[in-house]
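Just below is one structure, and these are the notes that go with it.
The values are calculated or read from the model by the stated rules, or taken from the named source; none is laboratory data. Everything numeric in this text was worked out from a predicted model, so none of it was measured. Note: ideal-geometry Cβ built from the backbone for every residue, glycine included; neighbour counts use all protein chains shown. Just the protein is used for accessible areas: all its heavy atoms, side chains included, with ligands, DNA and RNA removed. Shrake-Rupley method; radii C 1.70, N 1.55, O 1.52, S 1.80 Å.
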Amino acid sequence: NNPEKEKQLAAKEAVTLLKDGQIVGLGTGSTIFFAIEEIGTLVKNGLQIKGVATSDASYQQAIALGIPMLNINDVTRIDITIDGTDEFDDNLQLIKGGGGALFKEKIVASMSREKIIIADASKKVNALGKFKVPIEVVPFAVNYVRQQLKKLNGNGEVRMKDGQTFVTEQGNYIIDGDFGPINEPIILSRHLNEIEGILVHGLFVNMADSVIMGVHDTTVTFTR
Ligand code: DER
């Protein structure tokens, strides 16, 4: 397998869904990097869309390509969002947040009528959970949250990056929680939603209308 090629194939397929006049949510990560590149070319060739970014990285890439961008609070609806994922299961439930952008990604996805996920074949799993669940935590609450996660059989460490504690665009930390195989992501999501101090977690349940997966030299689309 060639994951980079698979990411490109999925990205090229996804951007064919875009139409003039749409407001488009732009996800974050290395797969989306290819999608934004493609969108830049389409815009240069006349596609009339406006983007809403889920990270500074995606925003900067889009601006540099001449994609018109809007602030999230200047839009009341997003027509379609294209984003990546760290894992997806048979029910198209996702673990996201590997890139640390899960808060804006979840808000943008929640405002989007259509949600398209693009992925290389390595992201498809039978059960979520091999990839730890990113959990964005307000720093003051890190120890409290860690204790609450233990009650859910979750063990988590604060994410480090380049020897420093990783800090999100919101100024928070991320605990990557290991819960073992997650056969009931909706139930775990509900438990995490009740823990004070968690701003957002990386279980995106019922937030993908379809997943376009690159595999070898083609793509497969899974639809909810
Ligand atoms: O952080 C995120 O949610 C990204 O979308 C991530 O999950 C996918 O990143 P990748 O496309 O670089 O694998």
Quick check on segment 123-224: what does the Kirkwood estimate of hydrodynamic radius come out to from the alpha carbon pairs, in Å?
14.9
Counting just the Cα atoms, what span does segment 1-104 cover along each of its three principal axes? Round to the nearest Å and put the largest first.
34, 28, 24
Grab the eigenvalues of the alpha-carbon gyration tensor for segment 46-151, scale each by 5, take roots, and send me the semi-axes largest first in whole angstrom.
28, 19, 12
Take every DSSP beta bridge whose two residues both sit in the chain, then give the antiparallel share in percent to the nearest 5.
55
Given a cut-off of 29 Å, name the pairs among Lys12/Lys124; Lys123/Lys161; Lys50/Lys132; Lys106/Lys132; Lys104/Lys132 whose C-alpha atoms lie farther apart than that in the structure shown.
Lys50/Lys132
Average accessible surface area per residue within the chain, 1.4 Å rolling probe, Å²:
48
Ratio for segment 79-130, C-alpha Rg to 2.2 N^0.38 Å, reads 1.10
Viscosity 1.002 mPa s, temperature 20 °C, Stokes-Einstein D of segment 121-170 from Kirkwood C-alpha radius, µm²/s
167
Simple spin-label estimate for Asn45/Lys130, 7 Å along Cα→Cβ, in nm, reads 3.6
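Roughly speaking, to the nearest percent, how much of the chain's 1.4 Å accessible area is carbon and sulfur?
Details: 5360 of 10710 Å².
Result for the chain: 50 percent of the exposed heavy-atom area is carbon or sulfur.
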Along each principal axis of its Cα atoms, how long is the chain end to end? Whole angstroms, biggest number first, please.
53, 36, 33
Rounded to two decimals, what ratio of Rg to Rh does segment 1-61 give with C-alpha atoms and a Kirkwood Rh?
0.96
I'd like the distance separating the alpha-carbon centroids of segment 178-224 and segment 71-98, in whole Å.
10
Under a GNM of the chain (C-alpha, springs under 10 Å), which listed residue has the highest mean-square fluctuation: Lys124, Lys44, Lys96?
Lys44
Antiparallel bridge percentage (DSSP; both residues within segment 1-122; nearest 5)
15
With the dipole of the chain defined by +1 on each Lys or Arg Cβ and -1 on each Asp or Glu Cβ, the option from Ala141, Ala208, Thr41 whose Cα lies farthest towards the positive pole is Ala141
Quick check on packing: order 29-37, 65-73, 166-174, 104-112 by the mean number of other C-beta atoms within 10 Å, highest mean leading.
29-37, 104-112, 166-174, 65-73
Using just the helices of the chain, give the 222 nm mean residue ellipticity in deg cm²/dmol: DSSP H runs with n ≥ 4 each add -39,500 (n - 2.57), and the total is spread over all residues, rounded to 500.
-8500 deg cm²/dmol
Report the residue, chosen from Arg146, Arg77, Arg190, that carries the largest GNM mean-square fluctuation when the chain is represented by alpha-carbon nodes joined by springs under 10 Å.
Arg190
